[in-house]
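Data first, discussion second: the structure below is written as structure tokens.
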Amino acid sequence: MKKLLYLLLVIPFAMMISSCSNDKDLPNVDITMSFDNAAVKDGTVYVVKDSVFSITGLTTKAVDSNKQSAIVNVRYFWNGYPAPGLTWAGLPMEIDMAKMSQPASGNNILGLDATLLEVDKSMSYCTLSIPIKSVKIEDMPDGLVPGEATLTFTSSRSSK
């Protein structure tokens with residue numbers, strides 16, 4: 001009976017050891033966010049103060065293969081805090097800058113936590129931080145004009 005008890009105690013540890021994932025099994029994808037009424041320069045999204053801009057798309061593309069990939073269970077954060085109006089919202093998602101709490105500098109961070117999926121790969125999680133700068137229309141850099149814009153996050157993991 002004692003041997004059976006010891007065996008039952010060892011089984012959970014054996015399962016934990018055998019369930020570790022290999023880094024090569026994780027998704028390797030590029031994530032692209034599309035915006036409307038915004039401009040992108042050097043990785044920063046510029047929006048006009050007190051305007052409404054939209055996230056119109058959130059897509060993935062596998063880097064190593066032509067297999068399907070997806071980003072799901074997306075949660076949004078505004079300046080480090082869960083954004084109840086944004087979390088679990090569908091796309092297109094409008095963000096009214098006049099209603100969002102912002103520092104005087106206009107420098108904001110739109111955070112994103114999500115699950116990444118790719119066919120024949122293990123499930124993975126990602127966290128993105130998107131700098132959002134709210135400015136007056138005349139303070140847009142280099143004469144940028146708000147409109148349709150995209151921002152792509154490239155996987156830093158190399159494929160071998």
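Summary of values
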quantity: I137, I95, I71 arranged by Cβ crowding within 10 Å, fewest neighbours leading; calculated: I137, I71, I95
quantity: Cα→Cβ-extended label distance, 7 Å offset, between V119 and E138, nm; calculated: 5.4
quantity: Derived scalar couplings ³J(HN,Hα) [segment 91-101; Karplus, 6.51 cos²θ - 1.76 cosθ + 1.60; whole Hz; x for Gly, Pro]; calculated: 9, x, 10, 8, 10, 8, 4, 5, 9, 8, 6
quantity: Neighbour net charge for I137 - beta-carbon separation under 14 angstrom, K R +1, D E -1; calculated: -1
quantity: Per-residue Cβ neighbour rank within 10 angstrom, fewest leading, D120, D36; calculated: D120, D36
quantity: Integer Hz, Karplus 6.51/-1.76/1.60 couplings in order for segment 49-54, x for Gly and Pro; calculated: 3, 6, 10, 10, 10, 10
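A short reminder: the numbers here are calculations on the coordinates, not readings from a lab. Please read all numbers here as calculations on a predicted model, not as lab measurements. Using ideal geometry, Cβ is built from the backbone for each residue, glycine included, and neighbour counts are taken over all protein chains shown.
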